[in-house]
Structure formats: structure tokens, C-alpha cells
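The values are calculated or read from the model by the stated rules, or taken from the named source; none is laboratory data. Treat the numbers as computed from the prediction; the structure is a model and nothing was measured. So basically every Cβ, Gly included, is an ideal-geometry build from the backbone, and we count neighbours across all protein chains shown.
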């Protein structure tokens, strides 16, 4: 139990960063929010990507290595401190510095994983961690968020793709399919790195790469089989397949729109990737990740489909609002996107409570 306390504290930081990011996102959409959310408008992206997701991924990987390298838990702790710093300290450089150190620590963790288990999937995730480190280093040195955000997004996408490859070991891949994947990742990475010096060309190339990657995942991910099952496997597969569709849509928008710096077109590309793809993956993987991080039980219930449906239906409406310039549609759909995430958190807490109460009752 004592060992769980630091993990639970870091998970609490993850939740605080998420709530701060959601509040600032609503403020950006024009909703009347508290003064704190108004103050955090300019750090909405860093809160969601670096604070919330960055700390969560660092924690997940450090837990996997903690039995061999106890010091690995320092990495998510530093990143959590960075999230707290950008929330609570006026000097943004302190938070940026801590988050950069956190991303450097994650690269070290993946380096250790490569040494212990050299594989294609760990290599893909390592390339994502390197993108995150480069993005944070550029952000710390003064680059604007619109120029580094695609490096941050690459960190999330490649981490998730690598995790899906880990699970695909149960489905044998041919040499041709593996080569196709490598080609898609290389094209995508080339576009991402090109955004540093040529944002327009880089976004269009990464868009092409991510369309190919989404097509590969729709063709080869084991979710194509598990969607035919029942219960939790079908729910997870539904999350994954919907996420891959949004991934491809974001790629199409990236090719069409090219370099964007703010506004509806900027939101279309980023939210297709971050809400449509990443949050769909979070919804699907949480029943697996949460027990691994905390040791708590998580029993399946059909209620899980509620927030999944709300998220995707309202995200479609939000994309419509962005494309046709309907601010009201965009604003209200954005509110429902937040409600979907809050529903997800609420349902998760209820399921964990009920699952573990039943476990305790059976043991007694």
C-alpha cells in the first residue's frame, strides 16, 4: 500500500492537469469560466499533452520498469511537478524546464526498454518520446506552441501505435506488413520533423504519413477480430477502430489545410488527432492501464459505451461547426466533448468502486 501512495498522488496530478485543461479549453471556446481557467487559456495544449498525457505515459512506463530500476519513478514525479508548476507558478520557464527534463527522462526509460527488449514496437515508442523531448526543448527555447505541437502530437500517436504493436504479437505479421508499417512511420516522422523548418510542407507530409498509418492499423490491428467478440474486448475494439478513422480524417485535413497557426482549421487538425484518436484510445485502454498502475479491479459494464458515443457524435458536430464557420455549433459541441470526458471519469470511478467493493466482500 505504501508503494501505491506515490502513484496515486501522481494520478491525482494527472486528473488535476486534465481538469485544468478542460476548463481552459471551455474558456477558449468563449464559455464563462472561473478566473483560473481564464488565466490558463494559453496553456490549454501544454496542460493536456504535457501535464495530463505526458505524466500518465511516464508513470505507465516507469511502473513497468520499477521492479528492476526503482529510481524510474523519479521521471513521472518530475513531469508531475512540471504540470503543477505551469498551473501554479507565474514563471512559465520553471514548468517548461521541468517538463523538458521529464521528457528527457522518458527517453532514458525507453532506452532501457530497448536494451532489455529490443523490438519494433519499443523502437516506435522511443521515436515518439524523442519527438516529445525535441518539442519541449524547442518550446523551452522560445518556439511558439503552433510550431512544436505536431512534435507533441507525434509523441502521443507513436506511443499508442507502439502499444498496439505490443498487443499485435498475438497476431503474426508478415514481413511485407512490417515493412509497410516502417514506411508509414518514416514518412510521418519526416513530416513531423520538417515542421520545425517548413511548417506548411511538414504538416502536409505528416498528413500523408498518418493516413497511411491509419490504413495500416485498420487493416492489421487485432481489433478487427475482437470487434466480433462480446463484453470488454468488443468495447475496446470499438474505441480503437473509431480512433483510427479520426486519425485518417485528421491526416486528410492536414493535407488540405497545410500550415495553420490558430482558429477553426487549427482546431480541426489537432482535435481530430487529440480528441478523436487519442481520447478514443484512452477510453479503450483505461480498463487495462488502471489495474496495471494501481492494482485495482475494473469490471466491464455496458455503461462504458455512453461516454464513447457522446464523444464521437459531438466531435462530428464540432468538426461541422469548424468547417462551415458555425461558432455556436463549435462552442456547444466543445462543451459536450468536455461532458463526455467527465462522464468517462465518473463512470470509471463508479466501476472501480463497485468492482473493488465486490472483491473485498468476496474475500471476507
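Pairs linking a residue in the range 211-224 that is without any contact (Cβ under 8 Å) to a residue 24 or more places away in the chain to a residue that is crowded, with 18+ Cβ neighbours inside 10 Å and assigned to a helix (DSSP H, G or I), with Cβ atoms under 6 Å and 6 or more positions apart or on different chains, are 223/237; 223/240; 223/241.
Considering every residue within the range 206-215, establish whether at least one is surrounded by 17 or more Cβ atoms within 10 Å (Cβ to Cβ) and over 19 Å from the mean Cα position of the chain (by Cα). So far as the range 206-215 goes, yes, one or more of its residues are surrounded by 17 or more Cβ atoms within 10 Å (Cβ to Cβ) and over 19 Å from the mean Cα position of the chain (by Cα). When 115, 164 are checked against the criterion of being without any contact (Cβ under 8 Å) to a residue 12 or more places away in the chain and part of a helix (DSSP H, G or I), 115 stands alone in meeting it.
Scanning the range 24-35 finds one or more residues that are out of contact with any helix residue (DSSP H, G or I) (no Cβ under 8 Å at 6 or more places or on another chain), at pLDDT below 85 and not in a helix (DSSP H, G or I).
Could we say that residue 271 is at pLDDT below 90, in contact with a helix residue (DSSP H, G or I) (Cβ under 8 Å, 6 or more places away or on another chain) and surrounded by 18 or more Cβ atoms within 10 Å (Cβ to Cβ) here? Full working, then the answer.
Details: at pLDDT below 90: no; in contact with a helix residue (DSSP H, G or I) (Cβ under 8 Å, 6 or more places away or on another chain): yes; surrounded by 18 or more Cβ atoms within 10 Å (Cβ to Cβ): yes.
Answer is no for this residue.
Would you please name the residue that is farthest from residue 13 (Cα to Cα), looking only at residues in the range 85-96 that are surrounded by fewer than 19 Cβ atoms within 10 Å (Cβ to Cβ) and touching a residue at least 40 places away in the same chain (Cβ under 8 Å)? It comes out as 93.
Return yes or no: is residue 281 within 26 Å of residue 42 (Cα to Cα) and touching a residue at least 12 places away in the same chain (Cβ under 8 Å)? Spell out the reasoning first.
Working: within 26 Å of residue 42 (Cα to Cα): yes; touching a residue at least 12 places away in the same chain (Cβ under 8 Å): yes.
Answer is yes for this residue.
Restricting 110, 52 to those that are modelled with pLDDT of 90 or more and over 25 Å from residue 262 (Cβ atoms) reduces the list to 110.
The number of residues in the range 289-321 that are closer than 20 Å to residue 246 by Cβ and over 22 Å from the mean Cα position of the chain (by Cα) comes to 2. For residue 228, the conditions (1) surrounded by fewer than 24 Cβ atoms within 10 Å (Cβ to Cβ); (2) in contact with a helix residue (DSSP H, G or I) (Cβ under 7 Å, 6 or more places away or on another chain) all hold with the exception of (2).
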